[in-house]
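Shown next, in structure tokens, is the structure this report addresses.
Please treat every number below as a calculation from the coordinates, not as lab data. In this text, all values refer to a predicted model and were calculated from it rather than measured experimentally. Here the Cβ positions follow ideal geometry from the backbone for every residue, glycine too, while neighbour counts run over all protein chains shown.
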Amino acid sequence: DIVMTQSPDSLAVSLGERATINCKSSQTVLYRSNKKNYLAWYQQKPGQPPKVLIYWASTRESGVPDRFSGSGSGTDFTLTISSLQAEDVAVYYCQQYYSTPFTFGQGTKLEI
Amino acid sequence: EVQLAESGGGLVQPGGSLRLSCAASGFTFNTYWMHWVRQAPGEGLVWVSHINPDGSSTNYADSVKGRFTISRDNAKNALYLQMNNLRADDTAVYYCASVAHSYSWYDYWGRGTLVTVSS
């Protein structure tokens, strides 16, 4: 199984400042034939299911604010929130869909 | 509007059984892979099982293999998870989630149903 490791486990950022969450996979999630990274980011607010923010490592889901961006390739990925808003308080998860079983990072709790 | 609605959770004793259901609407259910993902209280997300669009292929996490059975009824737009021989460490919120292709992200999630295994 591919192990996904996020850092940090928790993060406190001031309103309007940048938040950066890292995700590392134990093996590549880059599929060479189509040059796509099989990596998604989700946001989960308390009492709610996860919601996809980013897929293919850097493609923003429709309706997701452009302050959210994803980057990276191979085994190292980053989710960046360029200017933190109060409504961004949540737990963020990375997930690989390169191989089964699909696996998630342990989550990063983002606070103000 | 896409909707996934889980039901069937509750309190069950160790060794007991439950059947979870997930009612789907707003998308072409019979073309989607469907997954169950669980989240223990205060913990992260863990994949449990998945089934392909026509129901002919299934897969399970090692922790539930031999105890859980996933199935679907495309005529009813419904997904199921039969859980037998439940253990305390099966306690979690169980989400159904849809995947458009075999290797794709989770595009829709239900709100989850809580399963508590305790005596």
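Taken over chain B, the convex hull of the Cα atoms encloses 94 Å³ per residue. When chain B is modelled as a GNM with alpha-carbon springs shorter than 10 Å, which of B:Tyr95, B:Tyr106, B:Tyr60 fluctuates the most? Looking only at B:Tyr95, B:Tyr106, B:Tyr60, the largest GNM fluctuation is found for B:Tyr106. Computed from backbone phi with θ = phi - 60° and the Karplus coefficients 6.51, -1.76 and 1.60, the 3J(HN,Hα) list for the stretch B:66-76 is x, 10, 10, 9, 9, 8, 8, 10, 5, 5, 9 Hz; x is used for glycine and proline. Counting Cβ atoms of other protein chains within 10 Å of each residue's Cβ and taking the mean over peptide A:76-83 gives 0.
Only bridges with both residues in chain A count here: give the DSSP antiparallel percent, nearest 5. Don't jump to the answer; show the numbers that get you there.
On the way: 34 of 37 bridges.
In chain A, DSSP labels about 90 percent of beta bridges as antiparallel.
Beyond 31 Å, how much of the Cα-Cα pair distribution for the protein assembly as shown remains, as a whole percent? The proportion of pairs with Cα distances above 31 Å equals 21 percent.
Residues considered: A:Gly74, A:Gly47, A:Gly16. Largest GNM mean-square fluctuation over chain A, using C-alpha springs under 10 Å, is found at A:Gly47.
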